[in-house]
Amino acid sequence: MAAFGPVLSEIGLRPFQAGDEGAFRRLNEEWIAAYFGIEEKDRVVLSDPFGQILKTGGAIFMAVYDNTPIGCCALLWMRPCVFEVAKMAVDKSHRGRGIGRKLLEYTIAQARARSANSLYLETSNKLANAIHLYESLGFHHVPPERLAPSPYARSNVFMEMLL
């Protein structure tokens with residue numbers, strides 16, 4: 001490892017696999033608890049990523065360094081050709097190195113490979129860096145009434161990307 005952490009080129013990206021459940025949960029609980037509080041919907045999804053995301057037509061991708069998951073991002077199947085980008089997290093010790101951008105770019109590419117024509121996401125205005133990242137990759141703000149009601153109290157920013 002370099003003096004300031006791994007070089008971006010040393011970060012691998014791959015689909016979720018058996019054994020990633022604990023890292024997926026830890027990565028998400030860490031950031032959610034730091035900014036908000038774990039909500040019931042978080043508990044349901046994070047306790048069963050296979051049943052709640054993968055078996056319903058979604059996907060999860062992991063950023064890995066030295067065989068250790070350090071980031072994740074999910075695509076939740078909403079309806080044919082439409083996915084929600086969700087549960088994106090990077091380990092706090094690896095933030096600020098472009099890993100989130102690389103992970104989100106990979107997730108968008110994987111959505112295109114699944115014939116998606118649009119992506120949407122929910123976030124909070126407390127997460128200005130995340131909003132900036134989403135905007136820089138082509139997500140646009142949409143009014144909440146264009147989307148299904150959010151199960152999360154923290155969600156007050158809604159964005160969409162047409163592919």
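The values are calculated or read from the model by the stated rules, or taken from the named source; none is laboratory data. Note that this is a predicted model, so its numbers are computed, not measured. Using ideal geometry, Cβ is built from the backbone for each residue, glycine included, and neighbour counts are taken over all protein chains shown.
Which one is modelled with the lowest pLDDT, of the residues in the range 125-156 that are touching a strand residue (DSSP E or B) at 6+ places or on another chain (Cβ under 6 Å) and in a loop (DSSP other than H, G, I, E, B)?
147
Can you tell me how many residues within the range 146-163 are touching a residue at least 60 places away in the same chain (Cβ under 8 Å) and not aliphatic (A, V, I, L, M)?
3
Do any residues in the range 36-60 that are without any contact (Cβ under 8 Å) to a residue 12 or more places away in the chain have Cβ atoms under 7 Å from those of residues that are surrounded by fewer than 17 Cβ atoms within 10 Å (Cβ to Cβ) and in a helix (DSSP H, G or I), where the two are at least six apart or on different chains, and which pairs are they?
If the second residue must be surrounded by fewer than 17 Cβ atoms within 10 Å (Cβ to Cβ) and in a helix (DSSP H, G or I), the pairs left are 38/29; 52/44.
Here's the yes/no breakdown for (1) aliphatic (A, V, I, L, M); (2) in a helix (DSSP H, G or I); (3) in contact (Cβ under 8 Å) with a residue 12 or more places away in the chain; (4) closer than 26 Å to residue 33 by Cα:
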| position | (1), (2), (3), (4) |
| --- | --- |
| 63 | yes, no, yes, yes |
| 73 | no, no, yes, yes |
| 89 | yes, no, yes, yes |
| 97 | no, no, yes, yes |
| 107 | no, yes, yes, yes |
| 122 | no, no, yes, yes |
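Before we move on, is residue 82 touching a Leu at 6+ places or on another chain (Cβ under 9 Å), crowded, with 18+ Cβ neighbours inside 10 Å and either closer than 23 Å to residue 131 by Cβ or of a type in the set (Val, Ile, Thr) (or both)?
Values: touching a Leu at 6+ places or on another chain (Cβ under 9 Å): yes; crowded, with 18+ Cβ neighbours inside 10 Å: no; either closer than 23 Å to residue 131 by Cβ or of a type in the set (Val, Ile, Thr) (or both): yes.
No; evaluated as a whole, the condition is false for this residue.
Looking only at the range 31-46, which residues are in a helix (DSSP H, G or I) and more than 15 Å from residue 86 (Cα to Cα)?
First, the residues of the range 31-46 that are in a helix (DSSP H, G or I): 31-35, 40-46.
33, 34, 35, 40 - these are the residues of the range 31-46 that are in a helix (DSSP H, G or I) and more than 15 Å from residue 86 (Cα to Cα).
Answer with yes or no whether residue 20 is farther than 25 Å from residue 158 by Cβ, surrounded by fewer than 12 Cβ atoms within 10 Å (Cβ to Cβ), touching a residue at least 40 places away in the same chain (Cβ under 8 Å) and acidic (Asp, Glu). Break it down stepwise before answering.
Numbers: farther than 25 Å from residue 158 by Cβ: yes; surrounded by fewer than 12 Cβ atoms within 10 Å (Cβ to Cβ): no; touching a residue at least 40 places away in the same chain (Cβ under 8 Å): yes; acidic (Asp, Glu): yes.
No: the conditions fail for residue 20.
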